Amino acid sequence: MAEYTLIATAAMGLESLVAKEVRDLGYECTVDNGKVIFQGDEKAIARANLWLRTADRVKILVGEFKALTFDQLFEGTKAIQWEKYLPVDAQFPVQGKSVKSKLFSVSDCQSIVKKAIVEKLKTSYRVSNWLDETGAIFKIEVALHKDIASITLDTSGAGLHKRGYRAEQGEAPLKETLAAALVQLTVWNPDRPFVDPFCGSGTIPIEAALIGQNIAPGFNREFLSEEWPWISENVWEEARMEAEDLANYDQPLEIVGTDIDHRMIEISKTNAFEAGLGDLIQFKQMQVKDFHSDKNYGVIIGNPPYGERLGDQKQVEKMYQDMGHALGKLDTWSIYIMTSHEGFENFYGKKATKKRKLFNGFIRTDLYQYWGPRPPRKG
């Protein structure tokens, strides 16, 4: 099998989590802004797409070179061995972006890259007329950053956050990749109770259940590179069989999602059922101020309303106070709340053990972490 330079793209602030996941798959990697870079073969492409919970996509870096002029961009693109990647009938749409570069017209960069690839393929395949583009899709991106052009192939297709279980969602859904990251940033393990008091469409509890039973997040979906002729079906079959073997479907879990809105509880149940986790997660309608538990050493992760609209501010701040009263009684629990409200600790009534900056879409938020004591060792 060939070796490729692979890039797992990541939302700002999640690079270290993606890097840990890549290393857990057995690949050495380096971390850059918004991406984790590693070497791997076709099997690595399949495994990374199936297993990476917090990455956005998996791309192949096919070329990187300096491009100060359109000529340099054209020649640099044409010099790449495109016949290694694209069959003669490939469909290859080109997307682009440019940051701090002399070549700032993205549409021009896209058409030049497209033209250069067409010329290279015509020469390689000895085609004199136009290319049909009726075969598998290869999404190409040209990204210019400080005059360096990076050309990549997207192996994922739909973003990796699209796990395939979300039948319905609420108004401000949390991306599945960020939900998985939130779970991984806590001390939770499958032996401890887990609660999301603002479960919305159920994303955080569902991601926790997938993590708890070691189910590959991409197990129930398809990827663009499955259609590529140079990645054999056996590669995908083996990667899926490995995922099936590693899943621990017998692991008991105690996961609860609650929400004030009964419609969201119904949506959560539907989504959990779609994910094959319907029996594992309990969803119930409840206000956070009514939450109580006689269990010990549980973990709470909440993504409550932030009060972005001015009229909601007072209501949200009152809810933060109620939350502080209710959750403050859980002496042994660890509590993690994500919000963009800078006065959160004042209303909650307690200073966080630690804060971590995260981005929910384009909203800058903090994850307020309240660490409980460690559970006693068993035995």
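The values are calculated or read from the model by the stated rules, or taken from the named source; none is laboratory data. What you are looking at is a predicted structure, and each value in this text was computed from that prediction instead of being measured. When we count neighbours, we look across all protein chains shown, and the Cβ atoms used for this are built from the backbone with ideal geometry, even at glycine. Protein only, heavy atoms only, side chains kept; ligands, DNA and RNA dropped before computing areas. Shrake-Rupley method; radii C 1.70, N 1.55, O 1.52, S 1.80 Å.
Quick notes on this structure:
- Out of LYS20, LYS43, sole residue that is over 12 Å from the mean Cα position of the chain (by Cα), in a helix (DSSP H, G or I), among the charged types (D, E, K, R) and under 22 Å from LYS139 (Cα atoms): LYS43
- Cross-chain or 6+ apart pairs with Cβ under 7 Å, the stretch 225-237 first and closer than 18 Å to LYS59 by Cβ and open to solvent by 60 Å² or more (accessible area, probe 1.4 Å), then of a type in the set (Gly, Ala, Ser) and at pLDDT below 95: none
- Residue match in the stretch 287-299 (condition: touching a Cys at 6+ places or on another chain (Cβ under 6 Å) and either buried (at least 18 other Cβ atoms within 10 Å of the Cβ) or modelled with pLDDT of 95 or more (or both)): no
- Among the residues here, LYS318 does not qualify as basic (Lys, Arg) and either within 27 Å of the chain's Cα centre (by Cα) or buried (at least 20 other Cβ atoms within 10 Å of the Cβ) (or both).
- Any chance TYR306 is closer than 22 Å to ALA172 by Cα, out of contact with any Gly (no Cβ under 7 Å at 6 or more places or on another chain) and modelled with pLDDT of 95 or more: no
- Filtered residue count, the stretch 364-379, keeping only those that are among the small types (Gly, Ala, Ser), open to solvent by 100 Å² or more (accessible area, probe 1.4 Å) and touching a residue at least 12 places away in the same chain (Cβ under 8 Å): 0
- Tally of residues being assigned to a strand (DSSP E or B) and open to solvent by less than 30 Å² (accessible area, probe 1.4 Å) across the stretch 329-359: 7
- For THR177, the conditions (1) open to solvent by less than 40 Å² (accessible area, probe 1.4 Å); (2) assigned to a helix (DSSP H, G or I); (3) free of Cβ contacts under 8 Å to residues at least 60 places away in the same chain are fulfilled apart from (3).
- Hits in the stretch 85-106 - residues which are open to solvent by less than 50 Å² (accessible area, probe 1.4 Å), within 28 Å of ASP41 (Cβ to Cβ) and more than 28 Å from the chain's Cα centre (by Cα): PRO87
- Qualifying residue in the stretch 135-153 (condition: assigned to a strand (DSSP E or B), out of contact with any Pro (no Cβ under 8 Å at 6 or more places or on another chain), closer than 24 Å to LYS97 by Cα and open to solvent by 60 Å² or more (accessible area, probe 1.4 Å)): yes
- Condition met for LYS78 (open to solvent by 60 Å² or more (accessible area, probe 1.4 Å) and either within 30 Å of SER124 (Cα to Cα) or not basic (Lys, Arg) (or both)): yes
- Residue tally, condition touching a Lys or Arg at 6+ places or on another chain (Cβ under 8 Å) and open to solvent by 40 Å² or more (accessible area, probe 1.4 Å), over the stretch 107-119: 1
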